[in-house]
Each structure stands twice: as C-alpha cells, then as structure tokens.
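To keep things clear, I will list the structure first and then write my remarks on it.
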Amino acid sequence: MHNDIVKFLNESVSGCEATLRDDLAGDPVIFVNKENIYDVCKNLKEGKFEFNVLQVITGTDYEDRYEVSYILASYSKNSELILKTKLNKDKDENKETEPVLDTVTSLWKAANFQERECYDMLGVTFTNHPDPRRILCPDDWKGFPLRKDYVVEEVYNGMTVNPAEKINSADHNYFQEMKEKYGDKKVMHSWKK
Amino acid sequence: MEENNNHSNIETETEEKLKTDLLTLNMGPQHPATHGVLRVEIKTDSEIVAEATPHLGYLHRCMEKHCENLEYRQVIPFCDRMDYLAAMNMEWGYVLAIEKMLGTEITPRAQYVRTMVAELQRIASHLMFFGTYAIDLGAFSPFLYAFQDREFILRIFEELSGVRLLYNYIWVGGVWRDINDDQLKRISTFLETLEENLKKYHSLVGENKIFIERTANVAKITPELAYEYGATGPVLRGAGVKWDLRKDRPYGIYDKFDFDVITGKGEKGTVGDCWDRYQVRILEMFESIKIIKQCLDGIEEGPVMAKVPKIIKVPEGEIFVRTECPRGELGYHLISDGGKTPYRLKVKSSCFTHTSMLGDLAPGMLIADLVATIGSIDIVLGEVDR
C-alpha cells in the first residue's frame, strides 16, 4: 500500500519527492519535502486514498534536523499512514533558524490544537495558523520543552522552579549512597543527572 | 410639545445606555463540572453562549519529556497517571507498542487476563462517567450506586496488583501476577449482579424525563464534524458511525470474541446528541460484560509472562499503535534509536482531541447545556494535559 501512496504522491504533487523508508523496525514511513506539505495532505485527503482523519501532528528533535510527523487515518479504507517531513537546522551564522511549516488547519479542524501543541513543545511555527498561541505551557513560558537541548528556567515570574525543599531527594540520595557503597552494578539505577 | 420632545430624548438616551455587550465568564479551572482543571472562557449573551475557548495545561507535567529519560519498563507507571480512571487500558497500549517492536509472543493466558482487566476497567470508567454525569445534571444518588459497583472492580484490581487506581499491572511480555480461580469465580458472580444493576440504573437515569430534557438534542455531533476533528470512541459512535478498533483493527485477542459495536440511534432526540453518547456508554458496558464472560469460559492454564530480555532495547525504528480506551482511541507513537530509553514517545490522547471540539459545539447553547456537553464527551484532564 505504501508503495502505491508514494507513486500517487509523486504523480499528483510535483516536486514533493516522496520517499519510503521501510527498512527499520515498526511501521513504514513516507518522507516528503517540507514545501509541499499542504498539497500532499490535500491530495491524501481528497484523493483515492481518502485519509479523512488527522490523528497527530508531532515533532522530534534530532541533532541536525527536526522531523515533523503527520499521522493520518482513513476510516473508509481502514488504513493509516505516518507522513514525515524534515526541517534542517542551519547553524551557519551562529544563529539557528526556527523551523517553519505551512498550516493544514483548512483541511482538518483537528490540526488547530495539534499544531499548537507542536509549536508549544518543539517550537515549530506554522504559518497562517488562526490561533498561534501556546497550549499546554503558559503564554509567557520560555523555551520549548521537547527539544533535546532544553533547560528548565530557574525562575518563572519571580517563583523558583523546583525549589530544593519541595523535591523529595531522599530516594535519590539513598541510591547515590548505595552506589558509592556497592558500585554501579548491584544497585538499581537512579534517575539521570 | 416641549415635554414630548424631552421625553423622546430621554428614551433615546436610555436606549443608548442600555446597549448590551458580551460578558466574559470563566468556567474553571476549579469547577465541579469540568472534571478536573479545565478552564473554559465563555463569552455570554445573557444565558446564551456566544463563544467558548478551552484553556488547557493546568495539569501539564510533560510526561513525554520524562519518558525520554526512563527505561522502557519505568515508563509504564507514567502511562497510568495520564488517564487515571482507565489505567489498565493506558498501560496496554504502551506495552503493545513495545511488544510489536520486539516481536514478543504473548502467552494465551496473559492475553485473556489482559482482555479481562481492560474490559473491567472500561466498565469501571463508564460507571464513573455515569455517576459524574448524573451529578452534573443535578442527580446525586446515581453517583453512589455507580461507586458501589465500581468498588468491586477496584477491589479485584487491588488483589491483582496491590493498588486501587494506578496499577502497573500489565508488563512487557504479559502481566505481573496470575489471577486465581477464586477471583475468576467472584468476577463471574459479580457480572450477574452488575447486569441487573445496570438495567436498573439505566431506567432510573436514562429514562428520566428531566434527564432527557437536559440531554436530548443538545450538542449534536454529525459524522462529518467528528471526522473533521478526529473524534473517536463513544463520541464517534454516538454520532452514528460504526467504528471500533476492537472490531475493525483488532489487537490482542479481540478477534476471538463475539460482541456488537454500539452506535447512537437518536432514540430520544437526534443522532449524535448528548443522550446518544450517554446511551452508547451504558450499552457498551453490556458488551464488555459479554466479552468478560467469554474470557471466563475460554481462559487457559499456563504462564502469564513471556520471555523478555532483562534490559529492553527496542530496535531502531518507529511505530504508531492505537488501542480502544473507554474515552476513545489512544495512540502511542514510539520512536526508538536502539537505546535503553525511548528517543521520543508521543501520546495521542482522545480527550485532547475532544476538548478541541468545544469551541465549535458551544456557540448558541445555554450555559447549563455546556455543562451537559462537557460531561457527555467525558474528558479526564490528566490525559488532556499529559
């Protein structure tokens, strides 16, 4: 089925360069160019594959790129698809460019909240989004939590984040002590620092 | 003449002064009808809602970030804490994703036990819906009835896993502990009484004139709207769409069982209204009872745990697994780089999707109907905010 979709996409959307990745474990994934994401989604929704439901828009942070996944489903054909697009990070002028994508809110209303979450968690900006606010974090929150280089703010609006007296450090210290006493192997590992 | 003129002047002045405007009202975050910490910003024109904007995030713990720093087995308790009213179903979805990646074969007995606890959990969750929905609409006693029956299920789960709410019972490769014959016997006697009770409860609440007036023809969801928003579970089935993952894309051993998919028929009003969603959930409990009875008949002797490596390392790749939870479809999008911890774990929550529908459903309804609507889509904020 996925080969058919790749063929269909390459025929109907020129320049989308759809490729299939199915050599890894789990589900096969289709990659497309980021410029054509709206057209690709439109064709998948209205074309013969009838992907009428958008389930998830989410992203992953890699060292050199962001990958934004669109997980679509079709209730009439009983199929689902992981569609991905790569947003490369350019670190040329010591300044990272922020990832930008076209919105698909006009195709599925579900995209509204999903794109807001993707922006909130990973900082992917969706152009022409009708309501481009954060959704889970407060509006004045700094940084994007699901980026791998994210560091939690120490002070937020004058409040200390994670104050020492409120953290239950007993377990942590106990395991630390045990590790020093018995070495790494015998003790269950504690959380990473 | 002069007096008359003055009079008309006064009239126009008062009319100008009486110019109406929309009133902004905050429902929540601490509001009994929002089932947790949801804030809905409502713009009202007297009693009519003109605009409703849900504000999420009051329970946001960024579980997805936590999971990236934990070994695969340590993530399971976090799944419990997302939808704390249906913890068993939440665990199963996550565990299923890993098992599919590892290619683990699950023993038949473990499959039966899993199905049984998941369906019992579905009943417990729907009973919770039944009770709280009645409270939302002004009836208190159904809540107590529902909790009596839910109590039995929680007791059984406590015996199985040691915990009443957040179990950590379904593990990668099977389940933690075996279920014994005494427990099976008690479940089967409980199901008989439950069936009787449910019929009683349904006639008590569902056929009640006030309840029908409050829920019928309120917040109609058409199949088109449901598709547009990606609604799943009882909300989708309430709209009259025959779609159930247990039937259409079976996981576990659901293909072995004989049960019906309940859809809304618009018996008291139009298809897809609040009453339909209520009815779908009530009738689903009977289907769950059917499944558990078949489990009790078919359960086999044997081990409940398959052989799983001591340290789980999921091969590189990604998978998206959907399961049918009481509140809708739950999806886990697991991306692995071959290490000991997930590289990225995205949870697709049905409650999150359903909350986004509020903005579209609310305009034009009474404030009291908004309470009925939020109750009928049955959200748990732990899952919305994750």
Checklist entry - Quick one: which of A:74-84, A:10-20 comes out on top by average Cβ neighbours within 10 Å, and what's the full order, highest first? => result A:74-84, A:10-20
Checklist entry - When B:ARG114, B:ARG249 are ordered from fewest to most other Cβ atoms inside 10 Å of their Cβ, what list results? => result B:ARG249, B:ARG114
Checklist outcome for this item: hull vol. (C-alpha, convex hull) per residue for the protein assembly as shown, Å³ -> 221
Checklist entry - Around A:LYS84, which amide H atoms from residues at least 5 apart in sequence, or from another chain, sit under 5 Å from its own amide H, with H modelled in the peptide plane? => result A:ILE30, A:PHE31, A:VAL32, A:TYR70
Checklist outcome for this item: In whole percents, the bins of 5 Å from zero upward hold the Cα-Cα pairs of the stretch B:239-361 as 2, 9, 12, 16, 17, 15, 12, 9, 5, 3, 1, 0
Checklist outcome for this item: From fewest to most C-beta neighbours within 10 Å, the residues A:ASP131, B:ASP182 line up as B:ASP182, A:ASP131
Checklist entry - What average number of partner chain Cβ atoms lie no more than 10 Å from the Cβ of the residues making up A:19-32? => result 4
Next on the checklist: Counting only Cα atoms, I'd like the Rg/Rh figure for chain B, Kirkwood definition for Rh.
Outcome noted: 1.07
Item to check | Largest-first ellipsoid semi-axes for the stretch B:154-193, taking √(5λ) over the Cα gyration tensor eigenvalues, angstrom | outcome: 20, 12, 8
Checklist entry - Peptides B:21-32, A:153-164: what's the order by average Cβ count within 10 Å, highest mean first? => result B:21-32, A:153-164
Checklist entry - Across peptide B:226-234, how many C-beta atoms of other chains are within 10 Å of each residue C-beta, on average? => result 5
Checklist entry - By how many degrees, 0 to 90 and rounded to 10, does the Cα axis of helix B:87-102 deviate from the longest principal axis of chain B? => result 50
Next on the checklist: Loop only by DSSP, 11 or fewer other Cβ within 10 Å of the Cβ. Give me the trypsin sites (Lys or Arg not before Pro) in the stretch B:278-327 that pass, ordered by residue number.
Outcome noted: B:LYS307, B:LYS310
Checklist entry - With the dipole of chain B worked out from charges on the C-beta (+1 for Lys and Arg, -1 for Asp and Glu) around the Cα centre, which of B:VAL308, B:HIS202, B:GLY162 lies farthest toward the positive end? => result B:VAL308
Checklist entry - Taking Cα atoms, how many degrees apart are the long axis of helix B:367-377 and the longest axis of chain B, rounded to 10 and kept between 0 and 90? => result 10
Checklist entry - If eta is 0.692 mPa s and T is 37 °C, what Stokes-Einstein diffusion coefficient results for the stretch B:221-309, Kirkwood Rh from Cα pairs, in µm²/s? => result 224
Next on the checklist: Looking only at the protein assembly as shown, where both bridge partners belong to it, what percent of the DSSP beta bridges are antiparallel (to the nearest 5)?
Outcome noted: 85
Checklist entry - To the nearest 10 degrees, how steep is helix B:274-298 against the longest Cα principal axis of chain B, on a 0 to 90 scale? => result 10
Checklist entry - Over the Cα atoms of the stretch A:1-61, what Rg and Dmax result, in angstrom? => result 11.6, 32
Next on the checklist: Restricting to DSSP loop positions (anything but H, G, I, E, B) with no more than 11 other Cβ atoms inside 10 Å of their own Cβ, which GluC sites (Glu not before Pro) remain in the stretch B:214-309?
Outcome noted: B:GLU300, B:GLU301
Item to check | Square roots of 5 times each gyration tensor eigenvalue, C-alpha, the stretch B:110-189, largest first, Å | outcome: 27, 13, 10
Checklist entry - Just how large is the dipole of chain B about the Cα centre, in debye to the nearest 20, putting +1 at every Lys and Arg Cβ and -1 at every Asp and Glu Cβ? => result 1660
Item to check | Expected-Rg normalisation [2.2 N^0.38 Å, Cα atoms] applied to chain A | outcome: 1.31
Checklist entry - Relative contact order of chain B: what whole-number percent is it, with Cα pairs under 8 angstrom and at least 6 residues apart? => result 26
Checklist entry - In square nanometres, what is the average projected area of the Cα convex hull of the stretch A:1-109? => result 7.5
Item to check | Residue order, fewest to most surrounding Cβ atoms within 10 angstrom, among B:TYR169, A:TYR182 | outcome: A:TYR182, B:TYR169
Item to check | Dipole magnitude of chain A, debye to nearest 20 (Cβ charges: Lys/Arg +1, Asp/Glu -1, about Cα centre) | outcome: 460
Checklist entry - Taking all pairs of different Cα atoms in the stretch B:28-132, averaging 1/r and flipping that mean, what Kirkwood radius in angstroms comes out? => result 16.8
Item to check | Other protein chain Cβ atoms within 10 Å, averaged over every residue that makes up B:304-314 | outcome: 0
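Only the coordinates and a few stated rules stand behind these numbers; no lab work does. No experiment lies behind these values; they were computed from the predicted model shown. Cβ atoms come from the backbone with ideal geometry, glycine included; neighbour counts cover every protein chain shown.
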